[in-house]
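Worksheet: the structure to be examined is printed underneath.
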Amino acid sequence: MKKILFIVISIVIGCHCSMVKAQGNADALMKQAQDFLANKEYVKARSTFLHAFNAFVAAGQSEKATVCGTKVAWLYYRENYYKEAFDILRAADQAIISAEQRTHSQHPDLRYATTKERLQMYVRLRKSQSAAEQLSRLDAYASAAANDSLNKDLLYTKASHYYTFGMTAKGDEAIDQLIKEYREAKQYDKVIDTYRTLIGIARKSGNAAMTSRTYEQYIIWKDSVKVLKALDEINALKKECSEKQTTIDDKESSLRNRQYVIVALCILAAILAGALIFGAIVLVRFILLTRKQKKAIEVAREHNEQKSRFIRNISAQISPTLGKLDPKLPPVKALNGFMAHIEEMSQLEDTVAEPCEMEERNISAFCDSVAKKMEGKMADGVNFVVNAPKLSMKLNADMLERILLHLLDNAAYYTPAGGKITLEYKKRGAHTHQFVVSDTGTGIPEDKRADIFKPFAAVHDLTEGDGLGLPICSLIATRMNGTLSLDESYTKGARFVLELHT
């Protein structure tokens, strides 16, 4: 009997030691993954977080397992690996369920974390109905958790969701509620942070009207904070003096005490008078600054409209003069092309929010037709490779061909003899498609990469190109519900990625 008892105790101690060791290894992995993430080594961070997640699950640490699982999901879907992201979130949910069964208690805060990551993925995939379902679940989990920080995070999340899907009124309602809570708690700096976040959301969604309106509210609030803080100080002084006055009244029993009361009242009057004067000065300054800001915004809007009208009319004004010159001359030819590009950019800016016509096309056949138009344009010995599967997708053939031909023309121009140019297609999700153009040419210098998609960012010799090709392609990509970007991690030349969402 003693021998059996000794064996049981040994097994229990061994299991406990194993669990302690597993938890220690998991903590070390989590710290290492966080260091990788801080250094932007995303692949290493993802792999290490995944190992830490499995170790925490084995050790029964559901809270830390959830933190690691959501990090892994984010690192997956930021590279468009949505299936893997959903899989890890399902595993995290299973770990939470096991913890709830083991402890006989609910963990709505952990369920909130995994649900929020699903919401972010559905927002990126533009699945509004699925995103709305996750948002409803977030609301329920935040309510069950009764956690103030979760409630505030929920309001941020709601605002971002509504603004992304064009529900501006609901987004404003969520932000107003958040600002109200911060104001009531006298957390004025939090209100400023909220407006900054809102400006970022508006810029990301491309909502110029909301950006302008929010920025104006931000300027007004930033100036009014000084007045509110001054009023708080006055109220605090009033309260403090009132408490002192009560104490003095309670102890008043002699002439000396009455003199103290008079002195205290005089000091109070002086403090209040000074505070009121200061408040009046701040209020006057606030009014003047507010008027100045409003006037500045109105002037900026007027100048922007004038600039837009000038850009739209410049071609019509210059064309008669150019028509009198020899169109075969390189400078005249360059100016005509420049005018055409300006007109095209103006038309694209006016119609960028309008939907474009789409049709079902075979990707392989489409890429082959684009490749044929590049025949004879490349240097001798350049290896041109087309890698496109025999799949179908909805696309606007004219717009897509315009972008790909421009990218391929650039690649052909900068790729010397014996080099390589590649056109390939990659499917990144159920509704996400990528067309990638790579070359082994001279590449783009680091100091110029930030401006390649910005029109008029530099002065150009028009006979050598006006620098408007890539900005126009970027606008066309936006019209097609996509983005055009430069892969800065590619070092063998230049690589452009056109990502479309259907």
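The values are calculated or read from the model by the stated rules, or taken from the named source; none is laboratory data. Everything quoted here is computed from the prediction, not taken from an experiment. Cβ placement follows ideal geometry from the backbone for every residue including glycine, while neighbour counts extend to all protein chains displayed. For accessibility, only protein heavy atoms count, side chains too; no ligands or nucleic acids. Shrake-Rupley method; radii C 1.70, N 1.55, O 1.52, S 1.80 Å.
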Practice problem: Just one of (1) in contact (Cβ under 8 Å) with a residue 60 or more places away in the chain; (2) under 17 Å from T483 (Cα atoms); (3) open to solvent by less than 10 Å² (accessible area, probe 1.4 Å) trips up Y425, so point out which. | Solution: (3)
Quiz item: Among the candidates Q101, Q106, which residue alone is out of contact with any Ser or Thr (no Cβ under 6 Å at 6 or more places or on another chain), without any contact (Cβ under 8 Å) to a residue 12 or more places away in the chain and open to solvent by 40 Å² or more (accessible area, probe 1.4 Å)?
Solution: Q101
Quiz item: Can you name every residue in region 368-392 that is touching a Gly at 6+ places or on another chain (Cβ under 9 Å) and part of a loop (DSSP other than H, G, I, E, B)?
Solution: M378, A379, D380, G381, V382
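So is E79 open to solvent by 40 Å² or more (accessible area, probe 1.4 Å), under 21 Å from R428 (Cβ atoms) and outside any helix (DSSP H, G or I) or not? Even if it seems obvious, please write down each step before you answer.
Details: open to solvent by 40 Å² or more (accessible area, probe 1.4 Å): yes; under 21 Å from R428 (Cβ atoms): yes; outside any helix (DSSP H, G or I): yes.
Against the criterion (open to solvent by 40 Å² or more (accessible area, probe 1.4 Å), under 21 Å from R428 (Cβ atoms) and outside any helix (DSSP H, G or I)), E79 qualifies.
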Quiz item: Where residues in region 430-478 are acidic (D, E) and more than 22 Å from the chain's Cα centre (by Cα), which of them is modelled with the highest pLDDT?
Solution: D439
Self-check item: F338 vs. criteria modelled with pLDDT under 80, of a type in the set (F, W, Y), in a helix (DSSP H, G or I) and open to solvent by less than 60 Å² (accessible area, probe 1.4 Å)
Solution: yes
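Hey, does region 413-432 have a residue that's assigned to a helix (DSSP H, G or I) and β-branched (V, I, T)?
Applying the first criterion (assigned to a helix (DSSP H, G or I)) to region 413-432 yields 413-414.
Adding the requirement that they be β-branched (V, I, T) leaves none.
No, every residue in region 413-432 fails to be assigned to a helix (DSSP H, G or I) and β-branched (V, I, T).
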Quiz prompt | Residue count, region 386-422 (criterion: touching a helix residue (DSSP H, G or I) at 6+ places or on another chain (Cβ under 7 Å), closer than 14 Å to A477 by Cα and open to solvent by 10 Å² or more (accessible area, probe 1.4 Å)) | solution = 6
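Would it be correct to say that I201 is modelled with pLDDT under 85, farther than 30 Å from L500 by Cα and crowded, with 17+ Cβ neighbours inside 10 Å?
Working: modelled with pLDDT under 85: yes; farther than 30 Å from L500 by Cα: no; crowded, with 17+ Cβ neighbours inside 10 Å: yes.
For I201, the condition - modelled with pLDDT under 85, farther than 30 Å from L500 by Cα and crowded, with 17+ Cβ neighbours inside 10 Å - is not met.
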Quiz item: Scanning region 111-150 for residues that are under 21 Å from the mean Cα position of the chain (by Cα) and assigned to a loop (DSSP other than H, G, I, E, B), which turns out farthest from H433 (Cα to Cα)?
Solution: K127
